[in-house]
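Notes to accompany the following structure.
Just so you know, all these numbers are worked out from the coordinates, no wet-lab data involved. Since this is a predicted model, take the numbers as computed values, not measurements. Positions of Cβ are backbone-derived with ideal geometry, glycine not excepted, and every protein chain shown enters the neighbour counts.
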Amino acid sequence: MGSSGNLSEFLAARSGETADAVVDAVLQQVDRASEWLPSAYEARRSMPTGMLERILELTASGEPFTDADLDTYTSLGALFAGRHVPLPLLIASFDTGIAALTREWWRLAPAEHFAEMTHFTERLARMIDQTRQAAVRGYLEARSGISGRSARWSVAEELITGEAATAAAMGERLAPGYLVLACTVAEPALADAERAAAVYRHIEAISGALHFGNLSSLIILLPVEDGRRLPETAAAELVSELHSLTGQMVYAAQAYRPDLAGVPAAVEEACRSLCLVKAIPDAECRPYQEDVLLVELAIARQPDITQRLAALLVPLEAGSDLYRTLEVLFACDLDRERTAAALCIHRRTLRYRLDRIRDLSGIAPDSLRGAQLLRAALTAARLPATVLNQPLLPSLPGAVVTSPRPAAAG
């Protein structure tokens, strides 16, 4: 290894020049996100000295990184997390720095050492992946300590926002694709921290599952190894389990697009469908697909029809509890005995209220046509006004937000 030793000594003697080139390349990378430039520069200034020399030493010798070596990069990742530098920027800066290091070594190396530089570059490529993973691990661990988020949360965040390449560099094994499940509990404020933690633990226990958000708006990514076999049964069982863990109605919608690049579009569709699910008065505690919500989707896409349908219920404001009675009637699948029990009223009282609904609205709730029309009217009245135009995925980090269900009248 005599000549390699000479080459490494030659490059080591120019480590200061190499370090300057690496720093310049990294700062040019983050300059596009100017608000992060001071933090990134400060983080670089705080890096332990001798990192480049150690890389050079191990590249020349062919020896692996020690745990202490990798701890240096773990600390570097944590430093970036502490400066609130976004993870994609950390990874991009890291890769830019390594590319700059390689270019500078090739620029400095004498021509007679080019054959050895080829071996140097090959060894460097094998080693660098370890340092990148260590930096990402340190970033995620630090971020988890800062925000309480798990590594799976961060991976899900990157996939949801279309950063599949960044997600792939974060150390978690990614499936070829994901079934997106969007959920929300009926009354998130009533779910205490213990119940919420139980929900997250349950999701974390599912092999390969990722999640993002909170109980008011939760996105779960279920792994799909074969696009012809979606984990729809697992999705239904998960919603049922979330219902048991929270003790509340869980509204849910699912969507799928092939490949990791399709995750953002699937999330948009699932969130849009979730808005519709929350609006229908007879929603069940199961995942809905957009294909079974075509009536609701058609209503939402025609504002004039939506307003005319909602106007059908305005006369019910003249009677106390009539709107609520109608909601519960559909929630109980038009079963009067269950409806009376749910409202804690006598069946004769329920009969009186249904007669009042017919008299005030001109629509008989006990007829097939009347039931269809009143269900559509309730759905229209409960739809968010901007269900198809709202920003489903606001700036991250933060929970994916969907519009709250309007308070029932009456």
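Observations on the model:
- For region 65-110, a Kirkwood hydrodynamic radius built from all Cα pairs, placed in the Stokes-Einstein relation at 4 °C and 1.567 mPa s, yields a translational diffusion coefficient of 107 µm²/s.
- As a ratio to 2.2 N^0.38 Å, the alpha-carbon radius of gyration computed for region 176-281 takes the value 1.01.
- Loop-resident sites, region 187-292, for trypsin sites (Lys or Arg not before Pro), counting at most 11 other Cβ within 10 Å (DSSP): R228, R229
- Using R0 = 56 Å, the C-beta based FRET efficiency linking T66 and D333 works out to 0.30.
- Share of pairwise Cα separations in region 229-361, more than 25 Å, in percent: 41
- Annotation for E290 and D359: the two label points, set 7 Å from Cα along the Cα-Cβ direction, are 4.5 nm apart.
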